[in-house]
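I have placed the structure first, in the form of structure tokens, so that the comments after it can refer back to it.
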Amino acid sequence: MRIIEDRIVPKNTGRSFIVKKEQHIRVSAESIVDFVAFNLDNLKERFDQARTKANQGKVFITTGDVLYSKLNHIMMTIVEDAYKGKHDLQYGMCSKGAYDQFWGRRNTEAWKDFFKKWEIQKREDLPDHGCWENLIDGLQKYPIAPEDIPSPFNMFQGMEIDSKGNLIWRLDRDRPEPGQPAFLELRAEMNGLVGVSACPELGKAGKANDVRVQIFQD
């Protein structure tokens with residue numbers, strides 16, 4: 001396959017990409033990537049976390065699994081997964097509002113250890129914006145309202161679910177080695193518009209990095 005597009009998405013920014021049917025898109029990163037998709041021929045049809053999980057009977061997807069739209073159409077198939085952890089399909093996306101809420105919980109018993117672990121001592125230690133704003137910016141050329149951007153497929157956001165149903169982040173354990181990014185490669189099953197955000201993670205103590213996006217054509 002030949003590369004027809006090869007771009008870097010700087011950390012805490014977003015970009016959009018057109019991926020035609022049967023083309024491949026490879027996302028390579030050392031940190032979290034928020035990934036959303038739309039039907040290029042009907043932008044009202046978009047990726048759906050719930051359909052993707054329910055239709056396949058699983059909450060973690062990898063090679064051979066697919067991304068479903070809200071209309072129950074297959075949008076993309078994962079053809080190769082080089083991440084050692086489990087990608088996330090539970091969380092939404094970070095945003096300025098989310099980080100404001102995190103800061104507001106700093107003195108609660110449930111969050112004290114979290115703030116200590118991530119070395120968050122003041123609001124400025126958290127990002128001033130997040131993936132939601134990044135995707136709004138990356139998709140601004142298209143008639144997609146901010147509220148219509150779907151909850152994402154959170155690539156490389158190491159995640160597990162314990163026996164009590166608690167969501168357990170495994171970023172420290174499963175993060176790719178520095179200079180050795182993991183990648184996901186997907187094949188488009190329809191003409192698609194993809195939004196990619198290079199997540200800021202948690203700012204001061206986070207390990208956010210640039211993201212590489214490549215599109216391949218037979």
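The values are calculated or read from the model by the stated rules, or taken from the named source; none is laboratory data. Since we're looking at a predicted model, the values are computed, not measured. For neighbour counting, all protein chains shown are included, and Cβ atoms are generated from backbone atoms with ideal geometry for every residue, glycine included.
Quick notes on this one:
- Scanning the range 184-200 for residues that are out of contact with any Leu (no Cβ under 8 Å at 6 or more places or on another chain) and either on the phi > 0 side of the Ramachandran plot or surrounded by fewer than 18 Cβ atoms within 10 Å (Cβ to Cβ) (or both) yields Arg187, Glu189.
- Considering the range 95-120, the residues that are in a loop (DSSP other than H, G, I, E, B) and touching a helix residue (DSSP H, G or I) at 6+ places or on another chain (Cβ under 8 Å) include one that is modelled with the lowest pLDDT, namely Trp118.
- Condition met for Val36 (surrounded by 14 or more Cβ atoms within 10 Å (Cβ to Cβ), of a type outside the set (Lys, Arg) and within 19 Å of Met159 (Cβ to Cβ)): yes
- Test set (1) surrounded by 13 or more Cβ atoms within 10 Å (Cβ to Cβ); (2) of a type outside the set (Asp, Glu); (3) touching a residue at least 60 places away in the same chain (Cβ under 8 Å) - Trp169 fails condition number: (3)
- Subset tally (residues that are out of contact with any helix residue (DSSP H, G or I) (no Cβ under 9 Å at 6 or more places or on another chain), in a loop (DSSP other than H, G, I, E, B) and of a type in the set (A, V, I, L, M)) for the range 35-69: 1
- The range 1-34 - residue that is among the charged types (D, E, K, R) and assigned to a strand (DSSP E or B) and, of those, nearest to the chain's Cα centre (by Cα): Asp34
- Cβ pairs under 7 Å, 6+ apart, first in the range 70-94 and touching a residue at least 60 places away in the same chain (Cβ under 8 Å) and part of a strand (DSSP E or B), second surrounded by 15 or more Cβ atoms within 10 Å (Cβ to Cβ) and polar (S, T, N, Q): Met75/Ser69; Asp88/Asn154; Asp88/Gln157
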